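**Student:** Sharing a structure with you now.
Derivation of every value follows stated rules applied to the coordinates shown; laboratory data play no part. Quick caveat: nothing in here was measured; it's all calculated off a predicted structure. FYI the Cβ positions are ideal-geometry reconstructions off the backbone, even for glycines, and counts take in every protein chain you see.
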């Protein structure tokens, strides 16, 4: 700052005004670059279908987002419902083999959903089926709406990543969103930006949604699914996938920061030098 003041004494009034404006602009730019980051890294992909009777044989968009989600996890645990009893309802015990040194368990509660099944590669005639349809048969099915479609998954320990597939979501105007809790405290919400159809216009569509906490403050012990009824929506869910904090891979290690005062001084001096050349 002393160096800046000495240099300013040799500038005319116009140069001083320009330098002050430059300093203000630099400071504002730095503030703009330090915007608040999202609490969760979210992944979403959707493959639209327009058939209640024909299952999608490929889901490139949702599969790509599932791969991106899993790429930031060192191993995952997945509940694919293949070991569940058809017709079973809540409370339903879930397991996620592969998470950490021990298997994380969970309880699915609330709502009026049941475990459903179809022949591999087919639908139930109304657009719902298991994903991937070529090698699985069972999934979780709920009637959308606040009394029957809202359900919650409570884990045996805090986790940092959660993803799932949704099938036949929103074809009659219904919506789905998530809220994460650490104990009784809400730590974040995520709306799933799926296509909202009407009259079955997007029957049999498939989506993947995943979220990874950015730090310990966003880890959660439960996730609540909230659904809206639309004009009679029924939703299918499959392949609930989780990861603990120890399994999350840092995608961009934080570089050593430059102290803000030094950066401002350096940029200010550079601008002052440019203005001195113009004054001459």
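**Student:** Full-extension gain between residue 179 and residue 90, please, as 0.36 nm times their residue separation minus the C-alpha to C-alpha distance.
**Tutor:** Length gained between residue 179 and residue 90: 30.1 nm.
**Student:** Testing the spin-label approximation: label points 7 Å from Cα along Cα→Cβ at residue 148 and residue 246. State their distance in nm.
**Tutor:** 4.2 nm
**Student:** Of all the Cα-Cα pairs you can form in region 41-154, what percent are over 18 Å apart?
**Tutor:** 60 percent
**Student:** May I ask you to derive the FRET efficiency for residue 231 and residue 102 from their Cβ-Cβ distance with R0 = 51 Å, giving the value to the nearest 0.05?
**Tutor:** The pair residue 231/residue 102 has a calculated efficiency of 0.70.
**Student:** Extension gain residue 122-residue 52, at 0.36 nm per residue separation less the Cα-Cα distance, in nm?
**Tutor:** 24.2 nm
**Student:** Just to compare against my own numbers: the Cα pair-distance distribution for region 79-205, 5 Å bins, whole % per bin, please.
**Tutor:** Spelled out per bin, shortest first, that is 2, 9, 17, 22, 22, 16, 7, 3, 0, 0.
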